[in-house]
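Everything on this sheet refers to the single structure shown next.
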Amino acid sequence: MFKTQHTLAFFILLCALSDVYGTFNQLQLVLRWPASFCKGKKCERTPNNFTIHGLWPDIKGTILNNCNPDAKYASVTGGKFVKRNKHWPDLILTEAASLNSQGFWAYQFKKHGTCCSDLFNQEKYFDLALILKDKFDLLTTFRNKGIIPKSTCTINKIQKTIRTVTGVVPNLSCTPTMELLEVGICFNRDASKLIDCDQPKTCDTSGNTEIFFP
């Protein structure tokens, strides 16, 4: 009996630690607010606008990852680097350092981009993220609704404001001190249509809880 329980516990632990594979049913564009991310970190730059954290293939609300451990990342230069660095920067590194060390993008591609490679190769994966980012100006939308940096508002207001431009339910994440950290906007498999995020996540189950937008 003890041996059976021990084996079962080991199996559950192994599953929890394993990479998650499968066919994705949605793409989540995750936008990060740099001021929240950089608190307590040695960021070399803190843009005053949302930047891309990643483009993540999900299945039923679960993020897929590391679908091809042998995948290789191809570094970019010139115009491709300039645009990617502007909208999808590695905040920990300077622009010059980012050109020489593209580990942040390599990590995002290997962990997430490989899980949608049946539709998007590496180049198309990064290009798609930039195209989707250009669809929304969240900062301007926030300002139009009175949500400005250094202000506090309810989770409900943040969600409703995002829906005025997307029309769908987003994901929200906050820091442990309840500062808005990231916004997730979801699309169908080929990113041709906005959809409600599957099993949407939020900073607190009470929509009236106030969060800080630093």
In whole percent, the fraction of accessible protein surface over the chain that belongs to carbon or sulfur atoms, probe radius 1.4 Å, stands at 56
Here, trypsin sites (Lys or Arg not before Pro) of the stretch 148-189 satisfying both criteria (DSSP loop; at most 11 other Cβ within 10 Å) are K150
Of the DSSP H helices in the chain, the ones reaching 20 Å or more along their long axis in Cα terms and averaging at least 0.0 in Kyte-Doolittle hydropathy are 2-17
In debye to the nearest 20, the charge dipole size for the stretch 67-214, taken about the Cα centre with +1 at each Lys and Arg Cβ and -1 at each Asp and Glu Cβ, equals 320
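How much area per residue is accessible in the stretch 109-214 when the probe is 1.4 Å and only protein heavy atoms are counted (Å²)?
Per residue, the stretch 109-214 has 48 Å² of solvent-accessible surface.
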When every protein chain stays in place and a 1.4 Å probe is rolled, T161, T140, T23 sorted by accessible area with the largest first are T23, T140, T161
In deg cm²/dmol, rounded to the nearest 500, the helical mean residue ellipticity at 222 nm of the chain, built from -39500 (n - 2.57) for every DSSP H run of length 4 or more, is -10000 deg cm²/dmol
Probe 1.4 Å, all chains present, heavy atoms only: E123 accessible area in Å², nearest 10, is 100
extent check for the stretch 79-174: Cα max minus min per principal axis, descending, whole Å, gives 39, 33, 24
Sorted largest first, the C-alpha extents of the stretch 55-124 along its principal axes in whole angstrom are 37, 20, 19
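The values are calculated or read from the model by the stated rules, or taken from the named source; none is laboratory data. Keep in mind it's a predicted model, so treat the numbers as computed, not measured. With ideal geometry, Cβ positions are generated from the backbone for all residues, glycine too; neighbour counts draw on all protein chains shown. All accessible areas refer to the heavy atoms of the entire protein, side chains included, with ligands and DNA or RNA removed. Shrake-Rupley method; radii C 1.70, N 1.55, O 1.52, S 1.80 Å.
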